[in-house]
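Notes follow once the structure below has been shown.
The values are calculated or read from the model by the stated rules, or taken from the named source; none is laboratory data. Model, not experiment: these values are computed from the prediction. Don't worry about glycine lacking a Cβ; one is built from the backbone with ideal geometry, like all the others, and counts go over all protein chains shown. Surface accessibility is based on the protein's heavy atoms, side chains included, excluding ligands, DNA and RNA. Shrake-Rupley method; radii C 1.70, N 1.55, O 1.52, S 1.80 Å.
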Amino acid sequence: MKTIAEFSIQFHQYLNEEGQIVQALPAFANDHAHLIRLYTSMQRTRLLDAKAVIMQRTGKMGTYPSSLGQEAVATGLGDAMKPEDVFCPYYRDQGAMLERGVTLTEILSYWGGDERGADFQVPREDFPVSVPIATQCLHACGVAYAFKYRKQPRVAVTSLGEGGTSEGAFYEAINLAGMWNLPVVFVINNNQWAISVPRNIQTHAQTIAQKAIAGGIEGVQVDGNDVIAVREIVGRAVEKARSGNGPTVVEAVTYRLSDHTTADDAKRYWNEEVVKTAFAKEPLIRLRRYLTEQGAWNDEKEKQLIDQLSQELDQAIKDYANKASQPAENIMDFTFKELPEALLHQREILLGENHG
Amino acid sequence: MAEITLAEAITQALAYEMQADKNVVVFGEDVATNGGVFRTTLGLLQKFGPDRVLDTPLAEGMIGGMAIGMASQGLKPVAEFQFEGFMYPAFDQIVSHASRMRTRTRGRLTCPVVYRAPWGGGIHAPEHHSESNEAYFAHIPGIRVVIPSSPARAYGLLLAAIRDPDPVVFLEPKRIYRMVKQNVPDTGEALPLDQCFVLREGSDITLVTWGAYTVESLQAAEQLAQEGIQTEVIDLATISPIDSATILESVEKTGRLMIVHEAPKNCGVGAEIAALVAEHALTSLVAPIQRVTGFDTMMPYYKLENFYMPSVARIMATAKQLMEYA
Ligand SMILES: Cc1ncc(C[n+]2csc(CCOP(=O)(O)OP(=O)(O)O)c2C)c(N)n1
């Protein structure tokens, strides 16, 4: 008997939960302005989520998936991408989508039940949010193949929850990505829950990152509440992919500090003590603490930022609320490029019912 | 005795049959601790324990396929898909294996699985949570497709589905999960599969529908009656195979047929019913068969959802058109 293969999974953290540096910072993190940008993005996401949840409660928003506690994952991965890359998001990626240039109003519209919220004005090649879990992993592989085929130095990034890594589509994607050496990065938001199903009964694997090994690709784990680690490690994976050195699975370990969505009631299955502990580790506190100790942040700046972001959000909510509703025929007019004869008759019925 | 909702009737049927038959096992995403996202499996974990009520990993292909293996060993799996729009990874298992195990082995192995899923629109849910996909399954030989439309029928039909020796896709109209309450005695009495239910008798028009659209259809029938038009409302209940006898008998009486369903019209189950009547009762008809259905489009996001859903007004207008033929 001899050992023919051995694997290990590395865990990366720069900023611990006390906001202390545990290893030499990557270059970008020595630039306070960059860290403040990341902090701003995380706050923007947090404010958006809080507001959207309130709007849902008062009937102004559909079912909404907050990303409370996981802002560092989305912000870090969004910041690690270049504009010309392509993102295939899942439904808890609003933070990353904002980084990509999707607007607050577009995000509100989408979750407000309006298809126009998926017609992004900026990242024109990014995919809309994928609701059928893990299906987007394969889209990212296809996008990545197109980049490779055309010899473009671009990268496809996709993300999903740890629960999603139980789906066949995820395994199929990492296998293909490895086999074809595709420029794709899979980011796993391991927030410990898939609705009511905890991480420990989702998979017997010790880490989610190690699932990459089966696809013959690299898997790494990062502290998903440390935005510096997420930005750095996803950034390395993205640049590795860009330079032709293959795909990576990055598992970001974090905690879902809200209900799964507004349709869920986590109190039914949560342990309040565990959640309390998790709250102490959330990503914004630690970065704020670090920046404050560095003399780069203070209460006055915090207040200014919140004011500025709140105004921005209020404006977006106004734009969302004031947006003229879509005409009835929009339910049909995008079914095909040209409406087939068979649908013209149905269109008349639709218009007859709704315009007179 | 307390009155219960359709959702509670599902739970009551599951609990009854789990008590009666220890081969019944219930599994799916969030069904155990959480009792299902619609709470249709609430309390089953506490009553029957974690070996019979299982939270599975998040993978529908796995849920669909594992059920087939269990069934081959004499277990009676009741597998839940969280929403109808997430059944598709299991479609391969259902069409390629569940449906044909009996045929392929000439009855040596069988597949008494129940595949449950909340189904249909009208609850302002996100994308993929409002689909009416019964026709996809109805097209598969060897698969029964059942859709209840009241608490009592949910209870009786689910019991029948679990006891049935063959695979059943059991779609639950989520829009009416909690719309009405009914007294549903927990007697363990099943209702027959492969049979329609006549919900209202009438002599002028036969209206065939199922699931949540029994509600709008009965409303329309009530209003039409005030205008002197008597509509016979038939709940198809077993979508496949179709109970043609009940429908044909009704059409022979009324001479007029309309079908109301939420799914798109193109190749919807309404087309099958229309064809059956055209084949067997064409000479009884005094008017062309009419279908009132969803449009041939994607289910819109919820802001435009109401434009998609067939309205009571459209059902009534169509009925009146039918009455123009004598
Ligand atoms: C294919 C599919 N199955 C089921 C669902 C219903 N569903 C929505 S979210 C969810 C849990 C997802 O958990 P995870 O992948 O860990 O991501 P998280 O939501 O925690 O970010 C489930 C089961 C779905 N959207 N798609």
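Accessible surface comparison of B:110, A:277, B:254, A:103, probe 1.4 Å, protein chains only, largest first: the order is A:277, A:103, B:110, B:254.
What's the Kirkwood radius of segment B:170-246 in Å, using all Cα pairs?
After inverting the pairwise mean of 1/r, the radius is 13.8 Å.
Put one equal scatterer on each alpha carbon of segment A:1-136, apply the Debye formula with no solvent term, and list log10 I(q)/I(0) at q = 0.19 1/Å to two decimals. Each listed q maps to, in turn, -1.13. Over chain B, all Cα pairs binned in 10 Å intervals from 0 give whole-percent P(r) values of 6, 27, 34, 23, 9, 1, 0, listed from short to long.
At 1.4 Å probe size, with every protein chain present, just tell me what the per residue accessible area of segment B:197-323 comes to in Å². Walk me through the numbers on the way to the answer.
On the way: 4600 Å² over 127 residues.
Per-residue accessible area for segment B:197-323 comes out at 36 Å².
Equivalent ellipsoid semi-axes for segment B:180-321, as square roots of 5 times the alpha carbon gyration tensor eigenvalues: give them largest first, rounded to whole Å. Present the calculation step by step, with values, prior to reporting the outcome.
Details: eigenvalues 90, 87, 56 Å².
Rounded to whole Å, the semi-axes are 21, 21, 17.
Note on residue B:265: aspartates and glutamates with a C-alpha under 13 Å away, same-chain residues under 8 apart excluded, are B:134, B:296. Summing Cβ point charges (Lys, Arg +1; Asp, Glu -1) relative to the Cα centre of chain A gives a dipole of roughly 620 debye. Heavy-atom accessible area, probed at 1.4 angstrom with all protein chains present, ranks B:128, B:139, A:345, A:34 as B:139, A:345, B:128, A:34, highest first. Candidates B:221, B:198, B:302 compared by Cα position along the dipole of segment B:197-323: farthest toward the positive end lies B:302, with charges placed on Cβ.
At most 15 other Cβ atoms within 10 Å and a DSSP loop assignment: could you name the GluC sites (Glu not before Pro) in segment B:221-326 that fit?
On the way: sites: B:222, B:227, B:232, B:249, B:252, B:262, B:272, B:279, B:305, B:324; in loops: B:227, B:324.
For GluC sites (Glu not before Pro) across segment B:221-326 that sit outside H, G, I, E and B with at most 15 neighbouring Cβ atoms in 10 Å, the list reads B:227, B:324.
Taking only the C-alpha atoms of segment A:29-96, Rg followed by Dmax gives 13.4, 44 Å. Note on residue A:267: lysines with a C-alpha under 16 Å away, same-chain residues under 8 apart excluded, are A:276.
Label-to-label distance, residue A:243 versus residue B:325, with points set 7 angstrom from Cα along the beta-carbon direction: 7.4 nm. Leaving out ligands, DNA and RNA, and with a 1.4 Å probe, what % of the accessible surface on chain B is carbon or sulfur? Using a 1.4 Å probe with all protein chains present, chain B comes out at 52 percent carbon and sulfur. Extending 7 Å from Cα along the Cβ direction at residue A:4 and again at residue A:50 yields two label points whose distance is 5.7 nm.
Restricting to segment A:11-325, what percent of DSSP beta bridges are antiparallel, rounded to 5? Kindly include the intermediate steps, with their values, before the conclusion.
On the way: 3 of 27 bridges.
About 10 percent, rounded to the nearest 5.
For segment A:289-331, a reduction of at least 30 Å² in accessible area between the chain on its own and the assembled protein chains (probe 1.4 Å) is found at A:326, A:331. Overall, the accessible surface of segment A:227-356 at a probe of 1.4 angstrom is composed of carbon and sulfur to the extent of 51 percent.
Rolling a 1.4 Å probe over the protein chains gives residue A:289 an accessible area of about 110 Å².
Cα-based radius of gyration for the protein assembly as shown, normalised by 2.2 N^0.38 Å, reads 1.04. Contact-buried residues of segment B:21-36, at a threshold of 50 Å² lost accessible area versus the chain by itself: B:30, B:34 (1.4 Å probe; DNA, RNA and ligands ignored).
The B-A contact accounts for approximately 3100 Å² of buried accessible area, totalled over both chains at a 1.4 Å probe radius. Taking only the Cα atoms of segment A:280-356, the ratio Rg/Rh comes out at 1.42, with Rh defined as the Kirkwood radius.
A crude spin-label estimate for the pair residue A:312 and residue A:37, with each label 7 Å from Cα along the Cβ direction, gives 1.2 nm.
For the pair residue B:22 and residue A:292, a Förster radius of 60 Å applied to the C-beta separation gives a FRET efficiency near 0.45, rounded to the nearest 0.05.
Note on residue B:238: accessible area approximately 0 square angstrom, rounded to 10, probe 1.4 Å, nucleic acids and ligands left out.
By how many degrees, between 0 and 90 and to the nearest 10, does the Cα long axis of helix B:60-72 differ from the longest principal axis of chain B? Roughly 70 degrees, rounded to the nearest 10.
Note on chain A: percent of Cα-Cα distances in each 20 Å bin, starting at 0 and stopping at the bin with the largest distance, equals 29, 57, 14, 1, 0. Calculated on the alpha-carbon coordinates, the convex hull of segment B:4-182 measures out at 99 cubic angstrom per residue.
Using only alpha carbon positions, build the gyration tensor of segment B:1-76, then give the equivalent ellipsoid semi-axes as the square roots of 5 times its eigenvalues, largest first, whole angstrom. Provide the component values of the computation, followed by the final result.
Details: eigenvalues 90, 45, 22 Å².
Over the Cα atoms of segment B:1-76, the semi-axes work out to 21, 15, 11 Å.
Could you rank A:297, A:270 by how accessible they are, 1.4 Å probe, largest area first? List each step's numbers first, then the result.
Numbers: A:297 20, A:270 45 Å².
Highest to lowest solvent-accessible surface, that is A:270, A:297.
Which residues of segment B:276-304 show a drop of at least 40 Å² in accessible area when all protein chains are present, compared with their chain alone (probe radius 1.4 Å, heavy atoms only, ligands and nucleic acids excluded)? Going by heavy-atom accessible area, the residues of segment B:276-304 that drop by at least 40 Å² are B:295, B:296, B:297, B:301, B:302, B:303, B:304.
Inter-chain Cβ neighbour count for A:190-196, averaged per residue, equals 3 (cutoff 10 Å, partner chain atoms only). Taken residue by residue and averaged, Cβ atoms of other chains lying within 10 Å of the Cβ of B:126-132 number 4.
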